[in-house]
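All remarks here apply to the structure that follows.
Since every read-out is calculated from the coordinates, none of them should be taken as a lab result. Model, not experiment: these values are computed from the prediction. Ideal geometry is used to build each Cβ from the backbone, glycine not excepted, and the neighbour counts take in all protein chains shown.
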Amino acid sequence: MSDLLDKPTVLVLNRNWQAINVRTPADAFCQMAANTATGLDIDGGSMIPKRWGDWLDLDVRDQDDAVHTIRGPIRIPTVVVLARYDKVPKRRPKLSAKSIWHRDGGRCQYTGRPLKPGEGSIDHVIPRSRGGQTTWENCVLASRDVNQKKGSRLPKEAGLDLLKPPKAPPTMPSTLLIRNVYEIEDWNLFLHR
């Protein structure tokens, strides 16, 4: 049961009903019990916000996940709406090989050659062996052969030039970064894909 409560399976909407985050059911229950959020009872075409006391009285349907308590099963919400928060936070994508691939457009940043997935690797412009950090401003996509040629040298020492200096991607509304990894159908009503 704790596994069910600890997976990020609850979509959080601001009070304007814009997706802004993902929480665990345990977090959502706390927010609902503190009256900072309402659970969204989604059934077909209807979406009805329910306060904590009303949520406890909802029937658990076949398609619903539930936690079992002394008072009986309690439906786990798939979506909650915050009572007072109306902003859409902005975030930068997490630094990863995939996000660098996207930032660099799938092209080697030394040759400009388009790379297929698996053909490229992440190069540290200033090698880690020389104090280079793993940051947006020091990592680029490079073809494997170019990266091996460069080794632990600076680009100029290896006879290479960057197409453009690497930089952090712009921040984006957090809504664009939310992924429905558990394929929760109710989320599709709020996420733009």
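Just checking the listed ones, Met172, Met47, Met32: in the Gaussian network model of the chain with Cα springs under 10 Å, the one fluctuating most is Met47. Here the stretch 68-120 and the stretch 1-32 have alpha carbon centers that stand 16 Å from each other. Each Lys and Arg adds +1 at its Cβ and each Asp and Glu adds -1 at its Cβ; summed about the Cα centre, the chain shows a dipole of about 1440 debye. For the stretch 133-193, the C-alpha radius of gyration divided by 2.2 N^0.38 Å, with N the number of residues, is 1.77. The HN-Hα couplings worked out from phi for the stretch 17-34 by the Karplus form 6.51 cos²θ - 1.76 cosθ + 1.60 (θ = phi - 60°) are 6, 9, 5, 10, 6, 10, 10, 7, x, 4, 5, 4, 4, 4, 5, 5, 5, 8 Hz, whole numbers, x standing for Gly and Pro.
DSSP assigns beta bridges within the chain; of those with both partners inside it, close to 90 percent run antiparallel. Extension gain, Val67 to Ala158: 0.36 nm times the residue separation minus the Cα-Cα distance gives 26.8 nm. Semi-axes of the equivalent ellipsoid for the stretch 97-158, computed as √(5λ) from the eigenvalues of its C-alpha gyration tensor and ordered from largest down, come to 18, 13, 9 Å. Amide H contacts under 5 Å for Arg91: Met172, Ser174, restricted to partners 5 or more places along the chain or on a different chain, H placed in the peptide plane at 1.01 Å from N. For the chain, pairs of C-alpha atoms spaced more than 24 angstrom apart make up 53 percent of the total. Remark: the stretch 97-158 carries a charge dipole of roughly 80 debye about the Cα centre, counting +1 on each Lys and Arg Cβ and -1 on each Asp and Glu Cβ.
Lys167: net charge of surrounding residues, Cβ under 13 Å, Lys/Arg +1, Asp/Glu -1, itself excluded? Walk me through the numbers on the way to the answer.
Values: positive: Arg92, Arg103, Lys164; negative: Asp104, Glu137.
Its environment carries a net charge of +1.
Taking a straight line from the alpha carbon of Lys156, these lysines sit under 21 Å away, with near neighbours fewer than eight places off in the same chain left out: Lys164, Lys167. Each of Ile48, Ile20 was scored by other Cβ atoms within 10 Å of its Cβ. Arranged with the fewest first, they read Ile48, Ile20. Here the dipole of the stretch 64-142 is about 200 debye; that uses its Cα centre as origin and unit charges on the Cβ of Lys and Arg (positive) and Asp and Glu (negative).
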